[in-house]
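Have a look at the structure below, then the notes.
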Amino acid sequence: MNKKINYPEKAVVLFKNGFSCSQAVLSTFGEKFNIDRNIALKLSDSFGGGM
């Protein structure tokens with residue numbers, strides 16, 4: 001039986017552990033689209049301070 005991933009909960013945990021909102025969301029949902037976690041964190045880093 002496959003365990004379903006709770007993406008929103010995982011993103012909230014990352015956010016509470018110091019990642020920016022954009023990093024938490026992209027690195028979590030990026031898994032679903034085969035985006036490397038480190039690349040997702042680097043891509044979303046600049047959005048953390050606002051645009």
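Which one, Phe47, Ser22, Tyr7, is farthest towards the positive end of the dipole of the chain when Lys and Arg carry +1 and Asp and Glu -1 on their Cβ? Going by the Cα projections, it comes out as Tyr7. Over the residues of the chain, the helix contribution to mean residue ellipticity at 222 nm works out to -16500 deg cm²/dmol, using -39500 (n - 2.57) for each DSSP H run of at least 4. Inter-label distance, Cys21 to Asn38: 2.9 nm, where each label sits 7 Å from its Cα along the C-beta direction. The trypsin sites (Lys or Arg not before Pro) found in the chain that occupy coil by DSSP, while having at most 11 further C-beta atoms within 10 Å, are Lys3, Lys4. Across the chain, how many lysine pairs, 8 or more apart or on two chains, come within less than 19 Å at their alpha-carbon atoms? Lysine pairs satisfying the spacing and distance rule in the chain number 6. Relative to the longest principal axis of the Cα atoms of the chain, the long axis of helix 7-16 lies at roughly 40 degrees. If R0 is 25 Å, the Cβ-Cβ spacing of Lys3 and Ser46 corresponds to a FRET efficiency of close to 0.15. Remark: segment 42-49, residue by residue, has Karplus-estimated 3J(HN,Hα) of 5, 4, 8, 4, 5, 7, x, x Hz, where x stands for each Gly or Pro and the curve is 6.51 cos²θ - 1.76 cosθ + 1.60 at θ = phi - 60°. If you look at the Cα atoms of the chain, you get an Rg and a Dmax of 11.2, 43 Å.
Read-outs throughout are calculated quantities, based only on the coordinates presented, and are distinct from any laboratory measurement. The model shown is predicted, which means the values in this text are computed figures rather than measured ones. As a convention, Cβ positions derive from the backbone with ideal geometry for all residues, glycine included, and neighbour counts pool all protein chains shown.
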